[in-house]
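This report refers to the structure that appears directly beneath it.
The values are calculated or read from the model by the stated rules, or taken from the named source; none is laboratory data. The model shown is predicted, which means the values in this text are computed figures rather than measured ones. Backbone-built Cβ (ideal geometry, glycine too); neighbour counts: all protein chains shown.
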Amino acid sequence: MNPVDRIIELLRKIQDRIDQITRLVNAVLGRIPFSLKWVADRLRDGWDAMLTKLGEFWDWFADKLSYCGDPFTLNGAADGWKQMAAKVARLNDDITDLNLSVDDRWTGRAADQYQQSIEPQRRANTSILSDYAENIAGAMTTMAGAIIAFWAGVAVAIIALLSALAGAAVATGTIIGLPAVPVLVTLGIVAFLVAAGAGVAVLYVAAGGARSTLRSTSAGIASWPQIATR
């Protein structure tokens, strides 16, 4: 299952649990005697604060689900770069004195100059693998892992929030316990927002590292032979 699909499934459970708590609270409110009016007042104050935090919770996901990343495509692209680099590196097996006929059929200054370029060509092929393709593939793989870890952390935080909501639902069982309901929900949401914020920070660090790697890689092949640039 795609990580984000799992998140959407968990968010539906959050909404269902909030709806359940709302129904339970309303049912108990109808049985509160006038002598316990203070319970309803405290519940109302806490409920307003809870709704504010709940709005922050849903707002947090507003843009995250639209730009969730695609770790599977990133890993696939990284594998493509690795395969390409391996094919280029294998060309070195053909660029040897034993396999080349330049020294058998070609003589003179031009032949000597070309023979001198053989080793730089081999180094260039190696550089394509080590200085270019592996760095790009590594950046993609790192970013894919960071995206998966980020959404896995969000899923764990949502599951923890579901546990808090379960405790809040239990608190609706008694009239005296009603004021604790919005407090428990609010605390659960705050804990989620803290954990999710930390996850975003870690993701930004990973993205910054990948960006730096790609920027340094864009400088090109470190050992490009002069024969190819003339």
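Within the range 29-51, track down each residue that is surrounded by 12 or more Cβ atoms within 10 Å (Cβ to Cβ) and under 37 Å from the mean Cα position of the chain (by Cα). Within the range 29-51, Gly46, Trp47, Ala49, Met50, Leu51 meet the criteria.
Summed over the range 16-53, residues that are under 19 Å from Leu187 (Cβ atoms) and among the polar types (S, T, N, Q) total 3. Summed over the range 24-59, residues that are outside any helix (DSSP H, G or I) and among the β-branched types (Val, Ile, Thr) total 1. Annotation note: Cβ proximity below 9 Å between a residue of the range 20-48 that is within 16 Å of Val183 (Cα to Cα) and a residue that is of a type in the set (Phe, Trp, Tyr) and surrounded by 15 or more Cβ atoms within 10 Å (Cβ to Cβ) (sequence gap 6+ or interchain) occurs for Val25/Trp47. Within the option set Leu161, Leu178, being at pLDDT 95 or above, in contact with a helix residue (DSSP H, G or I) (Cβ under 6 Å, 6 or more places away or on another chain) and not acidic (Asp, Glu) holds for one residue only, Leu161. Using the structure shown, decide if Ala133 is part of a helix (DSSP H, G or I), modelled with pLDDT of 80 or more and within 21 Å of the chain's Cα centre (by Cα). So Ala133 fails the test.
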